[in-house]
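Data block below; observations after.
The values are calculated or read from the model by the stated rules, or taken from the named source; none is laboratory data. Bear in mind the structure is a predicted one, so any value in this text is a computation, not a measurement. Note: ideal-geometry Cβ built from the backbone for every residue, glycine included; neighbour counts use all protein chains shown. Side chains included, ligands, DNA and RNA excluded: accessible areas come from the protein's heavy atoms. Shrake-Rupley method; radii C 1.70, N 1.55, O 1.52, S 1.80 Å.
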Amino acid sequence: MRVLLAVLLGSGIAWGQASDTAKPTDAPTQAAGAPQADSAGPAKDLSTAPAAATLAEAPDPNAAVIPAGTKIPLLLKQAISTKNAREGDAVYAATAFPFVVNDRILVPEGTYIQGKIMHTEHPGRSKKRAEMLIHFTSMIYPTGYTVMLPASVENTPGADSNSVKDKEGTIQADKDTGKRVEDAAKGAAVGGTVGGIAGAAAGGFNGARYGGLLGIAGGVAWALLKHGPDVKLDVGTSLEMEIQRPITVDATRIQVAKAGS
């Protein structure tokens, strides 16, 4: 009887120890599983973020830039004069020479340039000179591809009697002081002759003298009160256009060519 009780007691103690040792092994398994599930989510997000950022930062391989300050020679396609030009009138020109960047032609010769007259000033008497302000607004490639421009007139090498007076590109007629002096001399000579003849017929020698003096004064006044010259730009006049800010163009639409090819 004592032996049986000892056997049963030993079996119970052994079973209890087995149950206690089994529980700790299960708990770490669950604890270890939970962090793995939590860490899986962030790992997936981190793997996709760099790919999206790289895609957004990739530059356009077909983009080409015409820098600000670029100067391109043009030839006018129609005559313009402050005598009859009005604000808002269209201006038509074409490039006279290719513009090249890194051995590639970005603006071919013969590209059409369109603009408009922004302001005109008629010549006046004395010191008031004629003025004309032109802004170029678009560039039309031979392919038909059109790019909007902010550009102005930088120089007028093909117009001897005009010049650009400010950064806005205002074209101004040159001073005509020499012409006015010449006209005044001619007017004095003609006025003096006519006045002298009229004075002589009216009052002999003294009348001729006074008539001549009045005629000279009238001839000089007529010459000095004449209006100054207009700004005149004939067909084919050479102008220099300046790009005001960087212009991005699509190289595939302008048929970019190798320089010298």
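Listing for the model above:
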{"read-out": "Pairs with Cβ under 9 Å, 6+ apart, first in region 229-253 and touching a residue at least 24 places away in the same chain (Cβ under 8 Å), second in a helix (DSSP H, G or I) and surrounded by fewer than 17 Cβ atoms within 10 Å (Cβ to Cβ)", "value": "PRO229/LYS179"}
{"read-out": "Test: residue in region 131-154 that is in a loop (DSSP other than H, G, I, E, B), at pLDDT below 95 and closer than 18 Å to SER81 by Cα", "value": "no"}
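Residues checked against (1) open to solvent by less than 50 Å² (accessible area, probe 1.4 Å); (2) at pLDDT 95 or above; (3) in contact with a strand residue (DSSP E or B) (Cβ under 7 Å, 6 or more places away or on another chain); (4) part of a helix (DSSP H, G or I):
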| site | (1), (2), (3), (4) |
| --- | --- |
| THR48 | no, no, no, yes |
| ALA51 | no, no, no, yes |
| PRO59 | no, no, no, no |
| VAL91 | yes, yes, yes, no |
